1. Which lysines, on any chain, are close to K264 with Cα under 20 Å apart, when same-chain ones fewer than 8 places away are left out?
2. Where does the chain land at 222 nm, in deg cm²/dmol rounded to the nearest 500, when only DSSP H runs of n ≥ 4 count, each adding -39500 (n - 2.57), divided by all residues?
3. Going from the alpha-carbon gyration tensor of the stretch 204-323, what semi-axes, largest first and in whole Å, does one get by taking the root of 5 times each eigenvalue?
4. List, largest first, the extents of the alpha carbons of the stretch 100-147 along their principal axes, each in whole Å.
5. Describe numerically, in nm with one decimal, the distance between label points set 7 Å from Cα along Cα→Cβ at K444 and at D6.
6. Could you tell me what % of all Cα pairs in the chain have separations over 44 Å?
7. Could you give each residue of the stretch 52-57 its phi-based ³J(HN,Hα) in whole Hz, using Karplus coefficients 6.51, -1.76, 1.60 with θ = phi - 60°, and x for Gly or Pro?
8. Percent of Cα-Cα pairs more than 22 Å apart in the stretch 182-275, please.
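Nothing in this text is a laboratory measurement; each read-out follows from the coordinates by a stated rule. Just so you know, these numbers come straight off a predicted model, no measurement behind them. Ideal geometry is used to build each Cβ from the backbone, glycine not excepted, and the neighbour counts take in all protein chains shown.
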Amino acid sequence: MTVTLDQSVEAFIGRPRQMFINGQWTDAASGQTFETPNPATGETLARVAEGDAEDINRAVRAARAAFEDGPWSRMTPSERGRIVWKIGDLILEHVDELAQLESLDNGKPFLVAQAADVPLAADLFHYMAGWATKIEGNTIDISVPYMPGANFHTYTLREPIGVVGQIIPWNFPLLMAAWKLGPALTTGCTVVLKPAEQTPLTALRLAELIAEAGVPDGVVNVVPGFGETAGAALAAHDGVDKVAFTGSTEVGKLIVQAAAGNLKKLTLELGGKSPNIVFDDAEDSAVEGAANAIFFNHGQCCVAGSRLFVQAGRYDEVVDGVAEIAKSIKLGSGLDPTTQMGPLVSDEQFRRVTGYLESGKADGATALTGGGRYGERGYFVEPTVLTNTRPDMKVVREEIFGPVVVAEKFNTLDEIAAQANDTPYGLGAGIWTRDISKAHALAKKLRAGTVWINCYNVFDASLPFGGYKQSGWGREMGEEVLNNYLETKAVTVAL
């Protein structure tokens, strides 16, 4: 039994998809297209226009004209907020359609996309819409000691940064588009969005909804294509004032180099190797929580709890419990309502994850469960628990981005703080204990942008999200994300 595709979804994938520039659907300048495969089967799902540097040029020109001369900059904050709110409403009107596209293109279960990804995307637009009327400056009573007796009226303005290039990943395609577009539109910026080449479909459908909501031509442009061509051109473009990127730390470093030409502003939400820490006094629910921390979204989550640390007295119980949950997870097509975990997103990602599994086993790690491919078709990897690992192993040090957790023991709070922080990353962390004082004490010691206590993978549009160290620069969501898209101007008037 599988979910019956909406006719709108069949129609959407049934013809080649163009890119969206200046309010128009257009082919790539080169005429080239690329295929986006169904990761559950490996077969071609749809063909999509393949953007390159010329298409990025066209999109940046459109965004610049819309920012400098279009109606967007002349709208009142209230008008702009109502349009952003409308985008959220339209997403909710098309929940099943968007969830089916997300499941087909990414591989995640339809029911997960329906219950989480799509509603969270709508909520982000609704939350950000309210900020449009609350972007305020200040008056400042300055002293100027070298000008005695002078009198000034001084104030600050917070203004949109301008044209923003946004590059989003494939693990939460629609949600990541929302995280990027919501604050950019709320602050009055214009955008060139490049979706991941593995998962371009929901971003293209979202462009249709954005136009329907009343966003003027040129304000949002969506250019699908490959990172080394379209993405690189966007990051380096002198007509772009700021780039917002979500993806791997390795690519994030390339974005930094590409942005140096005109010193454009950057925000980077990058990789992680998050510690999930279970104390002896944790509730039994910590076992299920630890499994959810790593196996949610097939482990293709930047905050995945991929390093499981369990205090010695509960180690066997917790690790065996996580392994039993892993064994029980049903893998299959995302359109099968009984599926709990779908395939990895692509053949490239499949080879990456299975390569790490081979590396771990070669280095002496033991697969308590899983450890290899599942089935003969599609990009499925078994949920895996690795034990007998060492801190120097690649599977412990590097981000795998798949359903693979490494389990280690610890003894004391001070010991685990050092172990947890022994990583170049600092995105997320989990703590499981009945002792709330101990939890707060450890939370202060952890170098991570998000710390969950007796829970994991809790997200909300009002919560700032981002990382320490090589997990990135800046924050997504919450009031704090607005700073990513605003410049502050000081105005001083002699009286």
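1. K180, K194, K242, K253, K489
2. Helix-only estimate at 222 nm: -10500 deg cm²/dmol.
3. 41, 19, 11
4. The Cα atoms of the stretch 100-147 stretch 67, 20, 12 Å along the principal axes, largest first.
5. 5.0
6. 16
7. Residue by residue, the stretch 52-57 yields 9, 4, 5, 5, 5, 4 Hz.
8. Tail fraction, whole percent: 31.
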